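Structure record follows, encoded as structure tokens.
The values are calculated or read from the model by the stated rules, or taken from the named source; none is laboratory data. On a predicted model such as this, the values are computed, not experimentally measured, just so you know. In this analysis, Cβ positions are derived from the backbone assuming ideal geometry, glycine residues included, and neighbour counts consider all displayed protein chains. To get the accessible areas, we keep the full protein, side chains included, count just its heavy atoms, and leave off ligands, DNA and RNA. Shrake-Rupley method; radii C 1.70, N 1.55, O 1.52, S 1.80 Å.
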Amino acid sequence: MRRNNRVSSVWRCVIAAILIALSMPGLFPAWEAAAETGDHQEIPLWTEEEKKELSALSLSSLPPLPKDPSNKYADDPKAIALGKKIFFDKRFSANGKVSCATCHDPETTFTDKLPLAKGMGTTTRRTMPLIGTAYFAWFFWDGRKDSLWSQAIGPIESSVEHGFTRSMCAHLITDLYKKEYEELFGRLPKLDHKSCPPKASPGTGNPAALRAWKAMKPEDRVAVNRIYANIGKAIAAFVRQILPAPAPFDRYVDAVVQNDEEKARELMGNDAVDGLKLFIGKAKCTNCHIGPLFTNSSFHDIGLNNPKDNGRADGIDKVLSDEFNCVGKYSDARPEECLELRFIDTNKAKYRGAFKTPTLRNVAERPPYMHAGQLKTLSEVLSFYRRNASDEFEHRDFSDQELAKIEAFLKTLSGPLNYPK
Amino acid sequence: MFKKFGILILAVLFVGSMAWVPVIDSVGAAVKCDCKAGEKGCTCGKGCACEHCKTGKGECKCHAGGKGCACGKDCKCEHCMTGKGECHCKAGEKGCTCGKGCGCEHCRTGKGECKCHAGGKGCQCGKDCKCAHCMAGGTDASVQKPTSDAEYAKTMKSKGGDFTVAYTSDPDAIPVNKIISWKLKVETADGQAVKDAEIAVNGDMPEHGHGLPTQPQVTKNFGDGTYLVEGIKFSMPGWWTMTFAVKAAGKSDTVTFNLQVK
Ligand SMILES: [Cu+2]
């Protein structure tokens with residue numbers, strides 16, 4: 001006991017010395033600094049209101065796939081299987097070298113990572129990622145299509161993409177996919193190279209193809225259009241299934257909602273968490289990049305000033321006059337189901353230079369950015385937003401450090417994609 | 001006492017460590033400019049004016065009046081001037097001479113003075129900016145965001161007091177970015193159902209100067225003073241207004257609802 005006492009008195013001295021030393025933080029600035037940042041490392045206490053906002057961005061709030069009334073084959077497993085084959089089939093192109101996957105490569109979140117896409121030629125816009133597209137109302141940067149199936153048949157006849165014709169599609173389907181097609185859509189009509197010349201189409205911009213198309217019998221034209229639309233419906237059934245799987249951000253939000261601070265801290269670093277705070281708060285990014293897919297799928301002019309492209313302003317008439325739109329005869333929807341088309345905003349002046357808000361899922365994986373690949377890196381995007389502040393994004397006062405934090409957050413949105421393998 | 005001393009040292013260390021951090025953002029500070037060969041009257045920089053010029057910073061500084069100005073990397077405009085982020089005019093826009101004392105049909109300032117959106121015409125806001133959809137940084141009373149619950153009520157008297165209008169939304173909790181419908185109940189000031197009203201719809205986001213992403217319409221008159229409005233969609237969270245112009249029995253009046261979309 002006594003001995004112990006003596007020892008402990010020695011210890012008491014040592015401890016006292018340490019305590020005195022520690023009470024002079026000036027002598028141990030490093031220690032003091034560590035304690036300071038230690039405080040900041042605490043998981044920020046999200047308010048209940050913020051937690052609600054966060055969970056609205058998490059994949060856990062992604063509703064089930066919405067119905068597409070214009071495509072009654074949209075969820076048919078046979079359509080998905082056929083659509084997938086055509087998606088990767090290069091034979092549906094003029095040079096036999098281009099498939100959807102040429103530009104929408106599954107390895108790079110279904111993009112090509114090029115500023116402008118390259119098919120038969122070079123497009124005027126950047127390839128869009130295919131992530132959760134089933135949830136959107138409008139397709140392409142200018143929203144000139146109102147369904148995924150109608151969208152899917154666009155690139156096939158584009159001279160710079162597949163460079164193909166719908167009449168060739170009808171022949172190819174008969175030659176290559178007769179059985180699969182007929183199981184889904186019923187008997188294929190008899191079409192030979194006379195009733196349906198291979199290079200006939202009203203949609204390629206080629207005058208000879210247009211003449212050949214006009215020379216066809218009206219009922220043959222309808223038959224070809226029907227096959228063409230059905231090809232679109234099968235491809236759409238596949239594209240619909242390309243969906244995001246949880247990224248670190250989603251797991252972080254789930255942990256935050258469950259008040260599992262330790263797990264949350266493992267999932268997202270301090271910078272990313274600060275960046276997230278800015279993203280939903282001061283930077284107002286969620287004005288447009290909202291919901292689990294981080295897009296309102298509406299059209300906005302963020303000030304890129306591309307004089308060569310009017311964006312949505314030119315997309316409005318195109319979708320209204322498209323024979324493959326929701327109210328057209330190849331659609332399976334009743335006209336009253338075509339809400340978006342019925343109530344479309346036709347004010348072109350308002351949409352000059354406006355483009356569809358892109359999803360930010362996997363955004364760090366697929367530079368360059370913007371509708372014509374104008375910006376090379378995420379940090380260029382963020383400095384661009386700082387320069388082009390407007391009421392919709394209050395961004396001009398941000399420090400470089402804050403921009404770096406938002407970038408760190410954007411990187412947590414990368415996760416695997418699920419699609420029918 | 002020790003503690004104070006420690007803090008002092010800490011403060012010194014802190015300030016010291018800040019020294020290497022660039023204090024001022026250098027963008028826009030440079031007044032260098034290179035003009036391309038063959039370009040006319042090119043003398044950029046301080047006090048210079050040129051038809052086509054380009055600064056070394058990849059930014060662009062075109063002076064008011066300079067035509068066919070393609071400057072910097074992504075800056076192109078007929079007449080533009082961006083110095084300290086004062087104003088940007090967009091390609092193809094007419095009569096655009098922004099900046100100090102400038103006025104233009106469509107222009108955007110960076111200084112919070114006034115922001116006119118593309119397509120907005122002839123409006124007078126802020127100090128020198130004109131357009132239809134605009135905002136004067138808080139000086140225009142019409143963009144004061146309402147705060148009281150009463151201002152967000154679902155039943156409102158029309159401006160002139162001729163009608164009382166109530167709405168119910170389907171779904172009740174208003175979602176962002178989904179097409180929804182509203183039912184309107186229109187009554188006269190003394191509570192009589194207004195059965196034959198003509199109603200026009202307009203939605204707006206006053207703080208941002210843009211409207212709805214759809215064009216909603218009254219698609220059904222139930223005949224008992226209630227009406228179906230279809231095609232309403234709010235593209236962002238925030239403060240929105242929905243204005244209905246009601247015409248009935250020789251009277252016309254408007255009613256505006258405020259709502260907070262989350
Ligand atoms: Cu807005």
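Over 24 Å between Cα atoms: which of A:LYS350/B:LYS195; B:LYS220/B:LYS247; A:LYS84/A:LYS376; A:LYS113/A:LYS421; A:LYS282/B:LYS157 fall into that group?
A:LYS350/B:LYS195; A:LYS84/A:LYS376; A:LYS282/B:LYS157
For chain A, what is the convex hull volume of its Cα atoms per residue in Å³?
188
Which semi-axes, in whole Å and largest first, does the equivalent ellipsoid of the stretch A:122-272 have when worked out from the alpha carbon gyration tensor as the square roots of 5 times its eigenvalues?
44, 18, 11
Please compute one quarter of the surface area of the Cα convex hull for the stretch A:251-347 and express it in square nanometres.
If I average the Cα hull's projected area over directions, I get 10.2 nm².
Kyte-Doolittle mean at least -1.0 and Cα extent at least 30 Å along the axis: which DSSP H helices of chain A qualify?
Those that clear 30 Å and a mean of -1.0 are A:218-239.
Using only protein heavy atoms and a 1.4 angstrom probe, determine the accessible area buried between B and A, summed over both sides, in Å² to the nearest 100.
Roughly 3500 Å² of accessible surface disappears when B and A pair.
Specify which residue in the list A:LEU339, A:LEU276, A:ALA404 is farthest towards the positive end of the charge dipole of the stretch A:266-418, using unit charges on the beta carbon of Lys, Arg (+1) and Asp, Glu (-1), about the Cα centre.
Most positive-ward Cα: A:ALA404.
Determine the per residue accessible area of chain A with all protein chains present and a 1.4 angstrom probe, expressed in square angstrom.
46
Using only the Cα atoms of the stretch A:268-312, what semi-axes does the equivalent ellipsoid have when each is the square root of 5 times a gyration tensor eigenvalue? Give whole Å, largest first.
Value: 27, 13, 9 Å, ordered largest first.
Note down the relative contact order for the stretch B:144-261 as a percent, whole number, built from C-alpha pairs under 8 angstrom at least six residues apart.
Rounded, it is 29 percent for the stretch B:144-261.
Could you work out what % of the accessible surface of the stretch A:259-341 is carbon and sulfur, using a 1.4 angstrom probe and leaving DNA, RNA and ligands out of the count?
Carbon with sulfur: 47 percent of the solvent-accessible area.
What translational diffusion coefficient, to the nearest whole µm²/s, does the stretch A:193-289 have by Stokes-Einstein, given a Kirkwood radius computed over alpha-carbon pairs, a temperature of 20 °C and 1.002 mPa s viscosity?
Estimated diffusion coefficient is 116 µm²/s.
Please sort by residue number the GluC sites (Glu not before Pro) in the stretch A:222-305 whose DSSP state is loop and whose Cβ has at most 12 other Cβ atoms within 10 Å.
none
Can you list residues from other chains, or at least 5 along the same chain, whose modelled amide H is less than 5 Å from the amide H of B:LYS220?
It is B:LEU228, by chain and number.
Grab the other residues whose beta carbon is less than 9 angstrom from that of A:ASP254, score K and R as +1, D and E as -1, and report the net.
Computed value for this residue: 0.
Across peptide A:349-357, what mean number of C-beta atoms from other chains lies inside 10 Å of a residue's C-beta?
Other-chain Cβ atoms within 10 Å of each residue's Cβ, averaged: 4.
Hey, got the average number of other protein chain Cβ atoms within 10 angstrom for residues in B:200-213?
Whole-number average of other-chain Cβ neighbours for B:200-213 is 3.
To the nearest whole number, what is the average tally of beta carbon atoms from other chains within 10 Å of the beta carbons of peptide A:334-345?
4
Using the structure shown, list the pairs from A:LYS78/B:LYS262; A:LYS179/A:LYS217; A:LYS277/B:LYS183; A:LYS118/B:LYS178 with a Cα-Cα distance above 32 Å, or answer none.
As for pairs spanning more than 32 Å Cα to Cα, those are A:LYS78/B:LYS262; A:LYS277/B:LYS183; A:LYS118/B:LYS178.
Output the peptides A:316-325, A:138-147, A:236-245, B:168-177 sorted from most to least packed, where packing is the average of other Cβ atoms within 10 Å over each peptide's residues.
The most tightly packed comes first, giving A:138-147, A:236-245, A:316-325, B:168-177.
I'd like to know how the stretch B:144-261 sits against the 2.2 N^0.38 Å rule of thumb: what's its Cα Rg over that expected value?
Normalised Cα radius of gyration, the stretch B:144-261: 1.01.
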